[in-house]
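Engineer: Pasting a structure below so you can have a look.
Just so you know, all these numbers are worked out from the coordinates, no wet-lab data involved. As the structure is a prediction and not an experimental result, all values here were calculated from the model. Cβ sites come from the backbone with ideal geometry, for glycine too, and all protein chains shown count toward neighbours.
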Amino acid sequence: MDLTMRPRRLRGGEAIRRMVRETRMDKASLIYPMFVMDGENKAEEIPSLVGQYRYTVDRMGEELEKLLKAGVTNVMLFGIPEHKDEVGSQAYAEDGIVQRALRKAKQDYPELYLITDVCMCEYTSHGHCGVLCDHDVDNDPTLELLAKTALSHVQAGAAMVAPSDMMDGRVRAIREKLDANGFQNTPIMSYAVKYASAFYGPFRDAAGSAPSFGDRKSYQMDPHNRREGIKEALLDVEEGADIIMVKPAMSYLDLVREVRDCIDLPVATYSVSGEYAMVKAAALKGWIDEERIVCEMATAAYRAGADIYITYYAKELAGFMQEGRIG
Ligand code: PBG
């Protein structure tokens, strides 16, 4: 056969395949989401997230040490308070669960880069992401509470804040509040393109944050919409976001690519609880090769254009990257 191009030449062996690889990954770009809860001396496995735990502040070091050993230095904290109320007051309490966890983690492990999820849903008695007016979240009064929450996280030691509530104008409100208090240099990673997704199910079990009535469709995005995702991303850039996140990851990689192509900020994507749970469940059944699936999902996210990957598999992925199995 007289062929000038034989693409198989570049697939002939491991050395050449690695040489021409287009997508490279680094464990410095991984973020591990972690749950901290009120109470003492507890590490509870989350039933729908096998292998993931809720830790009280005195026990979270067990997990943080494992992360550091694996080479994961970026952690995003989610708080599970003992008491919830209508206005989510534990979200911005000085001695709230996340605030206490931040102070301890910062003191014990200064090498960690601590990020916090900023939202109300884990703290409100009704499980919605803000304060209510009639039966819907009231946007503008919620902004002040989100800004207060972000400020209290930064004051307690957060290096970066990540608002996930999907209220209009929250990035601007948080930016103004941080700036007014001398935190001009603290970045905001915005959950800018966040869909109303069934993939958050296991997270809501973990955090006890499922809405007690209705759903989140009046603030999170409709999965049918692509252009609206770009609109949300551009708006958050205008409001002062430093990093734009697309969430969930696996079913929304088209948006990762779109955002990558039209915005010059770093792009993050969050492989959410439902993605982890599906992989874990099938792996436990022996139906899939967990390691290869996890690597393939991560590779796809980076190939789509993500610079940062948020995943419950961060420790394992860091190991695979270290061993050169991916990246
Ligand atoms: C808080 C928040 C959620 C997640 C991240 N931040 C839940 C939600 O929006 O219902 C989901 C993360 C996951 O599923 O892993 N608003």
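Engineer: For region 20-43, what are the residues that are surrounded by 16 or more Cβ atoms within 10 Å (Cβ to Cβ), free of Cβ contacts under 8 Å to residues at least 60 places away in the same chain and assigned to a strand (DSSP E or B)?
Structural biologist: Met34 - this is the single residue of region 20-43 that is surrounded by 16 or more Cβ atoms within 10 Å (Cβ to Cβ), free of Cβ contacts under 8 Å to residues at least 60 places away in the same chain and assigned to a strand (DSSP E or B).
Engineer: Any residue at all in region 136-144 that's near the ligand (Cβ under 10 Å from one of its atoms), more than 25 Å from Arg100 (Cβ to Cβ), out of contact with any helix residue (DSSP H, G or I) (no Cβ under 7 Å at 6 or more places or on another chain) and outside any loop (DSSP other than H, G, I, E, B)? Spell out how you get there, then give the answer.
Structural biologist: Keep residues of region 136-144 that are near the ligand (Cβ under 10 Å from one of its atoms), which gives none.
Within region 136-144, none of the residues are near the ligand (Cβ under 10 Å from one of its atoms), more than 25 Å from Arg100 (Cβ to Cβ), out of contact with any helix residue (DSSP H, G or I) (no Cβ under 7 Å at 6 or more places or on another chain) and outside any loop (DSSP other than H, G, I, E, B).
Engineer: Between a residue in region 184-198 that is within 10 Å of Glu232 (Cβ to Cβ) and any residue that is more than 15 Å from the ligand (Cβ to nearest atom) and assigned to a loop (DSSP other than H, G, I, E, B), which pairs come within a Cβ distance under 7 Å, given they are 6 or more apart or on different chains?
Structural biologist: Matching pairs, first to second residue: Ser190/Ala241; Ala192/Ala241.
Engineer: Which condition from (1) crowded, with 22+ Cβ neighbours inside 10 Å; (2) of a type in the set (Gly, Ala, Ser); (3) more than 16 Å from the ligand (Cβ to nearest atom) is the one that Gly240 breaks?
Structural biologist: (1)
Engineer: Restricting to region 275-305, name every residue that is within 16 Å of the ligand (Cβ to nearest atom), touching a strand residue (DSSP E or B) at 6+ places or on another chain (Cβ under 7 Å) and either within 13 Å of Ala249 (Cβ to Cβ) or among the β-branched types (Val, Ile, Thr) (or both).
Structural biologist: Within region 275-305, Tyr276, Met297, Ala298, Ala301 meet the criteria.
Engineer: Given the structure, is Val50 touching a residue at least 12 places away in the same chain (Cβ under 8 Å) and surrounded by 22 or more Cβ atoms within 10 Å (Cβ to Cβ)? Full working, then the answer.
Structural biologist: Values: touching a residue at least 12 places away in the same chain (Cβ under 8 Å): yes; surrounded by 22 or more Cβ atoms within 10 Å (Cβ to Cβ): no.
So Val50 fails the test.
Engineer: Right, another one. With the condition kept exactly as written, say whether any residue in region 205-223 is out of contact with any Pro (no Cβ under 7 Å at 6 or more places or on another chain), away from the ligand (no atom under 16 Å from the Cβ) and free of Cβ contacts under 8 Å to residues at least 60 places away in the same chain.
Structural biologist: no
Engineer: Right, Ser251: within 16 Å of the ligand (Cβ to nearest atom), within 20 Å of the chain's Cα centre (by Cα), among the hydroxyl-bearing types (Ser, Thr, Tyr) and surrounded by fewer than 17 Cβ atoms within 10 Å (Cβ to Cβ) or not? Explain how you work it out, then say what you get.
Structural biologist: Values: within 16 Å of the ligand (Cβ to nearest atom): yes; within 20 Å of the chain's Cα centre (by Cα): yes; among the hydroxyl-bearing types (Ser, Thr, Tyr): yes; surrounded by fewer than 17 Cβ atoms within 10 Å (Cβ to Cβ): yes.
Here the answer is yes, as Ser251 does meet what is asked.
Quick grid of which residues meet (1) more than 16 Å from the ligand (Cβ to nearest atom); (2) within 24 Å of Arg21 (Cβ to Cβ):
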position: Arg260; (1), (2): yes, yes
position: Thr269; (1), (2): no, yes
position: Asp307; (1), (2): yes, yes
position: Tyr312; (1), (2): no, no
position: Phe320; (1), (2): yes, yes
position: Ile326; (1), (2): yes, yes
